[in-house]
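Below: the structure, in structure tokens.
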Amino acid sequence: MNQDEVNKEQKQKARWYVIHIQTSYEQRVKNALEQRIKSLGVEEKIFDVVIPTREIVVVKKGKKTKATEKVFPGYILVKMILDDDSWLVVRTTEGVTGFVGAGLKPTPISDREVEAIMKFVQQEQPKFKAKFSVGEAVKITEGPFADFLGTIEAIDEERGKVKVLVSIFDRETPVELDFLQVAKL
């Protein structure tokens, strides 16, 4: 059996674990862990380090911009064979606060859970991130109702739309608008 076959067999035995880290340090911890895996020679025990992220569309100051959103802030997925050495390498990496699991024992997550996370992360449709909330007063900035004031009745982040109640002829009328067509008061 050559080295590639041994590595493939080892990787099939590996399970996915979730590690808890300091929030906002995900990339720094991932880089440090990958560096420690190489320098301490545990590549045959720790295979993948993943920060689940996805592309979203954020509307800021009337402009749509793409951004990367962490799906689970403060957590990283690690595919590894759990033993004392690999546990110590992960656990003693700066920024890691511990493994997710019952008691002191790390609990692996199922392959089905990992597949669901990866599928969610790879969804093509970018999501809009609304900076509005239901019941909030807004001003319509463009379109036939420009300069009208209204209240947000519903938010559709999938389509980047809001339903705004506008007072027309002393009656509340719902108007569907794009995120770019309204501004906070």
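None of the figures in this text is laboratory data; all of them are computed from the coordinates on show. As the structure is a prediction and not an experimental result, all values here were calculated from the model. FYI the Cβ positions are ideal-geometry reconstructions off the backbone, even for glycines, and counts take in every protein chain you see.
Numbers for the structure displayed
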quantity	calculated
Footprinting exposure proxy for Asp170, Asp178, Asp83 (fewest neighbouring C-beta atoms within 10 Å first)	Asp170, Asp83, Asp178
Under 11 Å from the Leu185 label point (7 Å along Cα→beta-carbon), backbone N, the stretch 126-159	136-140, 149-152
Förster radius 22 Å - calculated FRET efficiency between Gln122 and Asp178, Cβ distance, rounded to 0.05	0.25
J(HN,Hα) series, the stretch 154-170, from Karplus relation 6.51 cos²θ - 1.76 cosθ + 1.60, nearest Hz, glycine and proline x	8, 10, 10, 5, 4, 9, x, 10, 10, 9, 10, 7, 10, 8, 10, 6, 6
Stretchable slack from Glu94 to Thr23, in nm (0.36 nm times residue separation minus alpha-carbon distance)	24.3 nm
In sequence order, calculated HN-Hα J values of the stretch 176-185 (Karplus, 6.51, -1.76, 1.60; Hz; x Gly/Pro)	8, 9, 7, 3, 6, 8, 10, 9, 5, 7
Tyr75-Asp48 FRET efficiency (beta carbon distance; Förster radius 25 Å; 0.05 resolution)	0.95
Length gained when the stretch Lys139-Glu55 is fully extended (0.36 nm per residue, less Cα-Cα span)	27.4 nm
Listed pairs Lys70/Lys105; Lys30/Lys163; Lys38/Lys64; Lys64/Lys139; Lys30/Lys129 exceeding 29 Å between Cα atoms	Lys30/Lys163; Lys38/Lys64
Cβ-based exposure ranking for Ile46, Ile140, Ile21, in which fewest neighbours within 10 Å come first	Ile140, Ile21, Ile46
Selection from Gly143, Phe132, Ile155, by position along the positive dipole direction of the stretch 130-184 (Cβ)	Phe132
Nonlocal amide H pairs with Phe99, under 5 Å, H built at 1.01 Å	His20
Pairwise FRET efficiency - Lys13 versus Ile168, Cβ, R0 = 45 Å, nearest 0.05	0.10
Over the stretch 130-184, equivalent-ellipsoid semi-axes from the Cα gyration tensor in Å	16, 12, 10
Ellipticity estimate at 222 nm from DSSP helix runs (n ≥ 4, -39,500 (n - 2.57)) divided over the chain, nearest 500	-7000 deg cm²/dmol
Karplus 3J(HN,Hα) series, Hz, for the stretch 74-83 with 6.51 cos²θ - 1.76 cosθ + 1.60 (x for Gly, Pro)	x, 9, 10, 9, 10, 9, 7, 9, 7, 8
